[in-house]
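The values are calculated or read from the model by the stated rules, or taken from the named source; none is laboratory data. For clarity, every value in this text was computed on a predicted model and none was experimentally measured. As a convention, Cβ positions derive from the backbone with ideal geometry for all residues, glycine included, and neighbour counts pool all protein chains shown. The accessibility values were calculated without ligands, DNA or RNA, using every heavy atom of the protein model including side chains. Shrake-Rupley method; radii C 1.70, N 1.55, O 1.52, S 1.80 Å.
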There are 2 protein chains.
Amino acid sequence: MPSMESNTDTQQRILDSARELIYARSYADVGVAAICEHAGVKKGSFYHFFPSKRDLTLSMLDAVYADLKETLVMKAFAEDIPPLARLDRFGQLAAEFQQQMHQSTGVVLGCPFGNLSNELATQDETIRIRIEQIFTNLQVVIRKVLREAVDEGEIKNLNIEATAQAMLAYFEGVMLLAKSQNNTKILSQLMPAMSQIRINTI
Amino acid sequence: MPSMESNTDTQQRILDSARELIYARSYADVGVAAICEHAGVKKGSFYHFFPSKRDLTLSMLDAVYADLKETLVMKAFAEDIPPLARLDRFGQLAAEFQQQMHQSTGVVLGCPFGNLSNELATQDETIRIRIEQIFTNLQVVIRKVLREAVDEGEIKNLNIEATAQAMLAYFEGVMLLAKSQNNTKILSQLMPAMSQIRINTI
């Protein structure tokens, strides 16, 4: 039995490997064997930490969202600029991240949550619900910004909840289209339109 | 060797089965064996018509797009109503189709092209390019509508090409979000905002 520290390292290596491989390819294309090989761990060790690939994927989704919050969301939505400008900054930072990944991998990877949702939502209800929760968390952040914009008079008669959904949908769609073209150019061109979307109260 | 007519029938059954199974699940989750079983054909027969699952998928994508054109695009973009209203009709018909499928299958299936792009774009360049072409075809239809709207004075200073991309991105994102929620409600709520998206010339 390895020490506690080594346990944590092993678990983290498995998580990191799954994250890298699944993001670059797909859920189905990456098996437990490939994750173990990439992480340099034995299968027995894998199953000591994760009962299944699905359990690993749920942990991975949480880890990716925690990182996204830390590196992108908190930075983009810092309150040093007006509310709607923060949405633009979110789109811009996401575009820059995709450009960096494209330079290092040669492909547009898109959104890890959107990718797995489109691949798995009809097949794995547990994974679908986890992704839905992450999307809801992102909508909460956007709603807060929209509420501020309404309070400050930047926007009027706004259906905040529907607009937050529409903005997130647009964000996901721009990611999807860039991935389909394997081209990051449209990210910087299309993202600025996100903060312009409005669904009004009737 | 079966007759020509039976050949066509077999090929069509394979195509129909692949389409139904892959749309309901994913590319990776549906193997040649499952397609053959569903279609009631032998593996040898499968490989007589399609060298590989990828070749079948390329034919399937063409068939789905041909159907989409026939049943949705031509209907939505008929010239009996003003240009932008046709975009609204496209969103509405797509929402209705998803609702019907949801009623019969219990799940929101989303866009067959967006699904496969997010699953496969980094893994299969040939499939990615076919999907990119289909998305380009859809943008051509949207561009035509936007050109008319500009000519008739409905919109001014529009970057038609970028706006067509943005509208398609939004359409795909709304589909993705509905699939992630397994709920068709947001389709009818969010689709009307598609025709409102504008990216202006600088």
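Every condition in (1) more than 16 Å from B:Gln181 (Cβ to Cβ); (2) more than 13 Å from the chain's Cα centre (by Cα); (3) open to solvent by less than 10 Å² (accessible area, probe 1.4 Å); (4) facing chain B (nearest Cβ under 7 Å) is met by A:Leu176 except one, and the failing one is (2). Does A:Glu96 satisfy the condition of being assigned to a helix (DSSP H, G or I), without any contact (Cβ under 8 Å) to a residue 12 or more places away in the chain, more than 8 Å from chain B (Cβ to nearest Cβ) and out of contact with any strand residue (DSSP E or B) (no Cβ under 8 Å at 6 or more places or on another chain)? It is true that A:Glu96 is assigned to a helix (DSSP H, G or I), without any contact (Cβ under 8 Å) to a residue 12 or more places away in the chain, more than 8 Å from chain B (Cβ to nearest Cβ) and out of contact with any strand residue (DSSP E or B) (no Cβ under 8 Å at 6 or more places or on another chain).
Of the residues A:Val145, A:Val141, the single one that is open to solvent by 10 Å² or more (accessible area, probe 1.4 Å), assigned to a helix (DSSP H, G or I) and more than 9 Å from chain B (Cβ to nearest Cβ) is A:Val141.
A:Phe113 falls short on exactly one of the conditions (1) crowded, with 22+ Cβ neighbours inside 10 Å; (2) more than 30 Å from A:Thr201 (Cα to Cα), and that condition is (2). The test for being open to solvent by 30 Å² or more (accessible area, probe 1.4 Å) and either at positive phi or more than 10 Å from chain B (Cβ to nearest Cβ) (or both) does not hold for A:Glu125. Per the conditions (1) without any contact (Cβ under 8 Å) to a residue 60 or more places away in the chain; (2) crowded, with 18+ Cβ neighbours inside 10 Å, the sole criterion not satisfied by A:Thr57 is (1).
The set of residues in the stretch B:12-26 that are within 21 Å of A:Asp124 (Cα to Cα), away from chain A (no Cβ under 14 Å) and open to solvent by 40 Å² or more (accessible area, probe 1.4 Å) contains only B:Arg19.
Do we have B:Val41 as of a type outside the set (Ser, Thr, Tyr), in contact with a Ser or Thr (Cβ under 6 Å, 6 or more places away or on another chain) and open to solvent by less than 80 Å² (accessible area, probe 1.4 Å) here? Considered against the rule, which asks whether it is of a type outside the set (Ser, Thr, Tyr), in contact with a Ser or Thr (Cβ under 6 Å, 6 or more places away or on another chain) and open to solvent by less than 80 Å² (accessible area, probe 1.4 Å), B:Val41 comes out as yes. Summed over the stretch B:107-158, the residues that are free of Cβ contacts under 8 Å to residues at least 12 places away in the same chain and among the small types (Gly, Ala, Ser) give a count of 2.
Could you go through the stretch B:150-166 and let me know if any residue there is facing another protein chain (nearest Cβ under 7 Å) and either at positive phi or of a type outside the set (S, T, N, Q) (or both).
Within the stretch B:150-166, the first condition is being facing another protein chain (nearest Cβ under 7 Å), and the residues that meet it are B:162, B:165-166.
Okay, now just the ones that are also either at positive phi or of a type outside the set (S, T, N, Q) (or both), so B:162, B:166.
The answer is yes, given that some residue of the stretch B:150-166 is facing another protein chain (nearest Cβ under 7 Å) and either at positive phi or of a type outside the set (S, T, N, Q) (or both).
Quick check, is B:Glu119 in a helix (DSSP H, G or I), open to solvent by less than 30 Å² (accessible area, probe 1.4 Å) and of a type in the set (Asp, Glu)? Here the answer is yes, as B:Glu119 does meet what is asked. If the condition is being in contact (Cβ under 8 Å) with a residue 24 or more places away in the chain and open to solvent by less than 20 Å² (accessible area, probe 1.4 Å), then the stretch A:159-173 contributes A:Ala162, A:Thr163, A:Ala164, A:Gln165, A:Ala166, A:Met167, A:Leu168, A:Tyr170, A:Phe171, A:Glu172.
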